[in-house]
Amino acid sequence: MTTWVKAAGAVASVGAGVLAWSLLEARSYAVRQVSAPVLEPGSRPLRILHLSDLHLTPGSTHRAEWVRSLARYRPDLVVDTGDNLAHPDAVPTALHALAPLLEFPGVFVHGSNDYFAPRLKNPLTYLRRPTEMEGDATPLDTASLTAGFTAAGWLNLNNARGELEIGGQRIALVGLDDPHLGRDALPAAVDAAGAVRIGVTHAPYVRALEALRHDGASVLLAGHTHGGQVAVPGYGALVTNCDLDTSRASGLHGWPGPRPDAPGGLESVWLHVSAGVGTSPFTPVRLACRPEVTMLTLMPRGR
């Protein structure tokens with residue numbers, strides 16, 4: 001056997017191994033635990049379950065049951081940053097998956113995949129530029145998804161505001177409809193003095209993050225990036241599917257500068273980007289980027 005044949009065989013074996021691992025990793029769900037000091041001194045910590053990008057289909061039973069199990073964490077607040085659907089018939093699956101979490105206070109915004117079904121595309125396009133919505137994409141039953149959430153008491157923050165009181169803590173919330181589709185429009189300002197301000201959007205485009213920051217939010221929550229979905233060990237994400245830098249593809253960071261509790265971070269706010277739980281049904285892989293939700297605990301400052 002010639003050397004090049006052996007080399008080709010070795011490359012093929014490595015490729016097959018990487019593909020097998022990425023398929024397995026896409027089902028290796030995790031719960032990330034992080035905290036940010038944003039509350040007034042003496043306040044009770046506020047536990048936020050941030051979930052995003054479930055990308056459910058009628059056959060996503062394993063993923064749906066894992067999402068249901070998250071109710072055991074008993075969060076103070078659930079924030080869903082969109083892309084719950086990935087199929088025209090997935091609304092019942094999504095509402096089943098989220099049913100135990102709908103028992104807790106919650107808020108939501110939509111992503112592009114809550115409006116339109118995904119389509120088969122060249123996956124390499126994702127590495128070159130942000131995805132685009134085709135003109136003939138199949139509309140989804142967004143109204144039924146929205147109705148299921150709001151009937152349970154969750155606040156619809158698509159270009160809207162809301163306020164909750166949890167454990168004696170006032171929380172002022174503002175959300176944007178999906179910037180990836182250009183649907184974002186900041187609602188009219190209101191006086192929320194004395195409340196913790198949280199900004200919510202699906203896709204963390206720079207314009208959306210800046211709009212929420214200038215609106216007064218001290219914590220920003222987003223999804224959409226899948227953490228890059230395919231990352232390079234030791235380097236990180238290659239893309240974010242928007243204009244956010246890859247160093248903030250997932251996790252807790254400062255925006256637009258260093259973390260607020262770090263040197264030079266006085267002008268920054270907290271930004272948490274969820275790596276999300278699912279994938280497109282046409283590319284069901286993750287590499288060095290486990291699917292996850294986050295339990296984000298807001299803590300009193302000075303601790």
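Observations on the structure shown:
- Residue tally, condition under 18 Å from VAL38 (Cβ atoms) and either acidic (Asp, Glu) or surrounded by 13 or more Cβ atoms within 10 Å (Cβ to Cβ) (or both), over the range 183-200: 7
- A residue that is open to solvent by less than 10 Å² (accessible area, probe 1.4 Å), at pLDDT below 90 and touching a strand residue (DSSP E or B) at 6+ places or on another chain (Cβ under 8 Å) cannot be found anywhere in the range 214-230.
- Conditions (1) open to solvent by less than 40 Å² (accessible area, probe 1.4 Å); (2) at negative phi: number failed by GLY276: (2)
- Within the range 243-255, being within 20 Å of ASP178 (Cα to Cα) and open to solvent by 20 Å² or more (accessible area, probe 1.4 Å) holds for ASP243, ASP245, THR246, ARG248, SER250.
- Count - residues of the range 280-303 that are of a type in the set (A, V, I, L, M, F, W, C), crowded, with 21+ Cβ neighbours inside 10 Å and not in a loop (DSSP other than H, G, I, E, B): 3
- Search result, residues across the range 58-77 that are outside any helix (DSSP H, G or I) and open to solvent by less than 20 Å² (accessible area, probe 1.4 Å): SER60, PRO75, LEU77
- Figure legend. Inter-residue proximity from the range 289-303: first residues acidic (Asp, Glu), second residues open to solvent by less than 90 Å² (accessible area, probe 1.4 Å) and in a strand (DSSP E or B), beta-carbon distance below 6 Å, spacing 6+ or different chains. Indicated pairs: GLU292/ALA30; GLU292/ARG32.
- Checking each residue in the range 236-262 for being small (Gly, Ala, Ser), part of a strand (DSSP E or B) and either within 11 Å of GLY223 (Cα to Cα) or in contact with a strand residue (DSSP E or B) (Cβ under 8 Å, 6 or more places away or on another chain) (or both) picks out ALA237, GLY251, GLY254.
- Residue match in the range 34-48 (condition: open to solvent by less than 40 Å² (accessible area, probe 1.4 Å), touching a helix residue (DSSP H, G or I) at 6+ places or on another chain (Cβ under 9 Å) and not hydroxyl-bearing (Ser, Thr, Tyr)): no
- First in the range 60-81 and in contact (Cβ under 8 Å) with a residue 24 or more places away in the chain, second anywhere and basic (Lys, Arg) and open to solvent by 10 Å² or more (accessible area, probe 1.4 Å), Cβ under 7 Å, 6 or more apart: HIS62/ARG27; PRO75/ARG47; ASP76/ARG47
The values are calculated or read from the model by the stated rules, or taken from the named source; none is laboratory data. Note that the coordinates shown come from a computational prediction; the quantities given were computed from them, not determined experimentally. We place every Cβ from the backbone using ideal geometry, glycine too, and count neighbours over all the protein chains shown. For accessibility, only protein heavy atoms count, side chains too; no ligands or nucleic acids. Shrake-Rupley method; radii C 1.70, N 1.55, O 1.52, S 1.80 Å.
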